Amino acid sequence: MAFSNIDVEEVFGDFVEWYGGIVSDRLKGKRTFNADYIFHDAKVVAELKTLKEDPFKNKYFLKSLDNKKREWIQRGYITVSELNAVTRLKQLPEKCRRDTEKLYIRPLKTHLEKANLQIKSTKTVSGLEGYKGLLILVSDGNFLLDPKSIRLALTGLVANGKYSGINTISYLTVNVVTTRPDDPTLSRLWTNFFRDADHMQGEVSLGFLDDLFDKWASFYSEVTGISLRKISEVNERGLTEVDLLKSTRFVRPPKSRSPDEGFPS
């Protein structure tokens, strides 16, 4: 399977138009909503967010991390010599590790905050009562947040009804490929995160999500020339029997940083 290098926002917008949805920034005249897409047939308002920036190329992330390091040393959580010896996140004391993980997931939290507001605003301004909110989250270059970390982070971030404008999250990869120890096949992900799997009436329709995935895989193959095998690992309720993301890893380009090596001294 070859790697692709497409503009995710542009190509997914093309797909949504082909699928029959509305792409907000392609409407003529004054825009009345600010979420990316509306699927009227399915009664879904959707927002696309991509995780594509290497945090270690972001000056604000680096500044925040430096500030945390000074705080840890001043408060006695770790010494200078111990900190300089750290090469893996798991080598940090628990308090320092938690602080660093919060910095790692900040881009994800920011995406949730913005998508939640955009979806709610769109539904209010456009009078879309009863429409469900869908966040389409794409990993496209941020290799520090691997699939397992994203699953764990999302579970905590949306707990207790937070970001209520988002009913369901579809997490996928496009240009990035993944692999698992029990399956060396290079794959692209599409997995759905539900708030409450026991009350699916509150989620985006499973039938719509399955059809969206199926049509996207075909559209992607046509655009890139890369043939995809559509493999479903979910049951009839749209759920996986085991945690498939637990051991899923990105296949990183040469010279990219391992997700557990991202702690410069």
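Among the candidates Val86, Val80, Val44, the residue that is over 26 Å from Arg252 (Cβ atoms), of a type outside the set (Gly, Ala, Ser) and touching a residue at least 12 places away in the same chain (Cβ under 8 Å) is uniquely Val44.
Considering only residues that are exposed (fewer than 14 other Cβ atoms within 10 Å of the Cβ) and not hydrophobic (A, V, I, L, M, F, W, C), look in the stretch 194-217 and name the one that is farthest from Val44 (Cα to Cα).
Of the stretch 194-217, the ones exposed (fewer than 14 other Cβ atoms within 10 Å of the Cβ) are 196-199, 201-202, 207, 211, 214.
Checking the rest, the ones that are also not hydrophobic (A, V, I, L, M, F, W, C) come to 196, 198-199, 201-202, 207, 211, 214.
Values: Asp196: 18, Asp198: 20, His199: 18, Gln201: 13, Gly202: 12, Gly207: 12, Asp211: 13, Asp214: 17 Å.
Going through the qualifying residues, I end up with Asp198.
So, Arg98, is that one surrounded by fewer than 18 Cβ atoms within 10 Å (Cβ to Cβ) and in contact with a Ser or Thr (Cβ under 7 Å, 6 or more places away or on another chain) or not? No, not satisfied.
Among residues of the stretch 151-200 being charged (D, E, K, R) and more than 14 Å from the chain's Cα centre (by Cα), the one that is modelled with the highest pLDDT is Lys162. Taking the conditions (1) at pLDDT 95 or above; (2) surrounded by fewer than 18 Cβ atoms within 10 Å (Cβ to Cβ); (3) closer than 30 Å to Gly202 by Cβ; (4) charged (D, E, K, R) in turn, Glu47 satisfies each one other than (2).
Right, Phe61: part of a helix (DSSP H, G or I) and within 30 Å of Ser121 (Cβ to Cβ) or not? Yes: the conditions hold for Phe61. When the stretch 143-164 is filtered for residues that are among the aromatic types (Phe, Trp, Tyr) and more than 18 Å from Lys120 (Cβ to Cβ), only Phe143 remains.
Here Asp25 fulfils each of the conditions (1) surrounded by 13 or more Cβ atoms within 10 Å (Cβ to Cβ); (2) under 30 Å from Lys132 (Cα atoms); (3) free of Cβ contacts under 8 Å to residues at least 24 places away in the same chain; (4) not basic (Lys, Arg) apart from (1).
Would you check if Ser258 is closer than 30 Å to Lys63 by Cα, surrounded by fewer than 15 Cβ atoms within 10 Å (Cβ to Cβ) and at pLDDT below 80? Yes. Here Leu228 fulfils each of the conditions (1) modelled with pLDDT under 90; (2) in a strand (DSSP E or B) apart from (2). For Lys102, the criteria (1) farther than 25 Å from Val176 by Cβ; (2) among the charged types (D, E, K, R); (3) free of Cβ contacts under 8 Å to residues at least 40 places away in the same chain hold in every case but one, which is (1).
If the requirement is being loosely packed, with under 14 Cβ neighbours inside 10 Å and either farther than 22 Å from Arg151 by Cα or of a type outside the set (Ser, Thr, Tyr) (or both), which of these qualifies: Gln74, Gln118? Break it down stepwise before answering.
Working: Gln118 fails: loosely packed, with under 14 Cβ neighbours inside 10 Å.
That would be Gln74, the only listed residue that is loosely packed, with under 14 Cβ neighbours inside 10 Å and either farther than 22 Å from Arg151 by Cα or of a type outside the set (Ser, Thr, Tyr) (or both).
Checked against the criterion of being among the β-branched types (Val, Ile, Thr), touching a Pro at 6+ places or on another chain (Cβ under 7 Å) and not in a helix (DSSP H, G or I), the stretch 47-57 has no qualifying residue. Scan the stretch 137-168 for residues that are of a type in the set (Gly, Ala, Ser) and in contact (Cβ under 8 Å) with a residue 60 or more places away in the chain and the total you get is 3. Within the stretch 30-43, can one find any residue that is β-branched (Val, Ile, Thr), within 22 Å of Asp140 (Cβ to Cβ) and crowded, with 17+ Cβ neighbours inside 10 Å? No, because not a single residue in the stretch 30-43 is β-branched (Val, Ile, Thr), within 22 Å of Asp140 (Cβ to Cβ) and crowded, with 17+ Cβ neighbours inside 10 Å. Checking each residue of the stretch 67-88 against the condition of being within 22 Å of Ser139 (Cβ to Cβ) and under 30 Å from the mean Cα position of the chain (by Cα) gives at least one match.
The values are calculated or read from the model by the stated rules, or taken from the named source; none is laboratory data. If you're wondering where the values come from, they're calculated on a predicted model, not measured in any experiment. Glycine gets a Cβ as well: all are built from the backbone with ideal geometry, and neighbour counts include every protein chain shown.
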